[in-house]
1. Quick one: give the max-minus-min coordinate of the C-alpha atoms of segment 1-159 along each principal axis, largest first, in Å.
2. Would you calculate the volume per residue, in Å³, of the smallest convex hull containing every Cα atom of segment 131-224?
3. So, by mean Cβ neighbours within 10 angstrom, what's the order for 290-296, 14-20 with the highest one leading?
4. Just name one of Val245, Gly4, Pro127: the one whose Cα is farthest towards the positive end of the charge dipole of the chain (beta-carbon charges, Lys/Arg +1, Asp/Glu -1).
5. What is the set of long-range amide H partners of Tyr18 at a cut-off below 5 Å, with H atoms built 1.01 Å from backbone N?
6. Under 4.7 Å Cβ to Cβ, no partner at all: give me those cysteines from the chain, in residue order.
7. Which whole-number percentage describes the relative contact order of segment 43-113, with Cα contacts under 8 Å and a sequence gap of 6 or more?
8. Applying 1/(1 + (r/R0)^6) with R0 = 35 Å to the Cβ-Cβ distance of Glu202 and Asn234, what FRET efficiency is obtained, to the nearest 0.05?
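The numbers here are math on the coordinates, done by the rules we state, and not lab data. None of these values were measured; they are calculated from a predicted model. Cβ placement follows ideal geometry from the backbone for every residue including glycine, while neighbour counts extend to all protein chains displayed.
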Amino acid sequence: WNNGAITEDLSNLAAGTYTVVVNDAAGQSYTSSYTIIEPSEITATYTVTNVTTSGGNDGAIDLNASGGVAPYLYYWSTSPTQITEDISNLIAGTYTVWIVDVNNCYIGVDIDVVEDLSNQSCSEDAPANLLVSDIISTRATINWDNMNSSVCVIDQYRIKYRELGTTAWIQKTMGAPLGSCSFGNQRVDKLLLNLTPSTQYEYQMKAWYCGGGSSAWTALHYFTTTDDCPLIANLSATPQNPTKVKFDWTLNGTYSFVRIKIREDYTSASWVNVGGAGVSYPAITKNKNGLIPGQTYRGQARTWCDPNGGAYNSTSWTNLVFWTMPSSARISFSAEKELLKVTDLLGRELNPNTVIDNTTLLYIYSDGAVEKRVVIE
């Protein structure tokens with residue numbers, strides 16, 4: 001053989017022409033040539049249909065295989081694995097296909113599908129899905145969809161609103177942040193203040209887009225503010241003993257809780273709440289202990305219609321009420337009246353013999369009397 005082999009048969013040969021010379025014992029010879037061919041290399045061509053919308057799934061790959069020995073098997077890197085020649089309904093990404101012929105020869109091909117938005121333009125739609133939330137007597141929040149997209153960039157939004165039946169519009173423009181056309185105006189809500197209680201409003205919105213265009217105004221939408229939160233009436237404060245006062249009031253409507261605040265009646269005194277955060281409806285009385293005998297106080301109240309507090313409250317506090325706690329009569333030490341304890345103004349029990357100068361002490365006796373003393377040394 002021309003490849004140097006001297007056996008009758010050859011194997012594991014590459015493609016090419018092989019010549020053999022056969023000699024017999026009589027010296028005769030015979031020459032013959034044999035050609036071995038191989039299939040061409042497997043190749044693939046393809047046509048890509050790119051995704052036409054941001055986040056869309058309308059991409060596709062049209063594949064054509066050649067070379068090797070048909071038929072072919074196809075294995076795509078999708079989940080689940082697709083085994084068809086062509087695939088569709090694709091999102092943007094890189095897809096790998098392995099093509100295998102009948103001889104188990106194969107190639108792998110990576111194919112990119114991208115988002116091609118070059119043929120799209122901004123439709124400059126009006127703000128969508130308008131709704132109103134957090135409505136109370138004097139305020140409401142307008143909400144809408146973020147109208148920015150891969151092809152649309154919002155410059156500013158505008159809301160106009162008015163009481164139903166009136167002619168003058170109030171307008172609010174949301175144009176922040178500065179440079180919206182670089183980042184897009186991301187606003188999706190606007191708080192309207194200083195509304196009229198128990199009133200129906202109509203409103204509509206419009207958007208301005210970077211590039212100079214704008215939407216039409218939306219259709220009219222409507223909301224109604226709530227009633228004012230009703231304030232209690234006839235607040236009064238009645239001392240019950242030298243350290244206890246009782247507050248009473250009457251109801252003017254339904255609310256969530258009433259908050260009573262009091263302070264000693266001098267300019268720098270601090271306000272404190274009676275009953276913690278508030279007294280729940282429909283209670284009409286509340287006691288306050290631990291007051292100072294002989295001290296004059298002032299107090300007032302306000303109602304809230306939201307159990308969480310916040311802005312939905314009565315439009316004002318009640319008028320101030322004033323009262324003076326009764327003084328304790330000086331009690332002489334006797335068998336009938338026993339000194340129970342001595343405390344400071346915060347109710348902490350003290351030893352009166354160890355307190356410092358200018359300390360106010362409350363002497364509390366067995367008959368309920370309280371004596372206020374100031375230590376001066």
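1. Projected onto the principal axes, the Cα atoms of segment 1-159 cover 124, 28, 22 Å.
2. Details: hull volume 9.3 nm³, N = 94.
With only Cα atoms used, segment 131-224 gives 99 Å³ per residue.
3. With the highest mean Cβ count within 10 Å placed first, the list reads 290-296, 14-20.
4. Sorting the options by dipole projection puts first Val245.
5. Here the answer is Tyr34, Thr35, Ile36, since their amide H atoms fall under 5 Å of that of Tyr18.
6. Cys105
7. Values: 152 pairs, mean separation 23.1, N = 71.
Relative contact order of segment 43-113: 32 percent.
8. Details: r = 39 Å, r/R0 = 1.12.
About 0.35, to the nearest 0.05.
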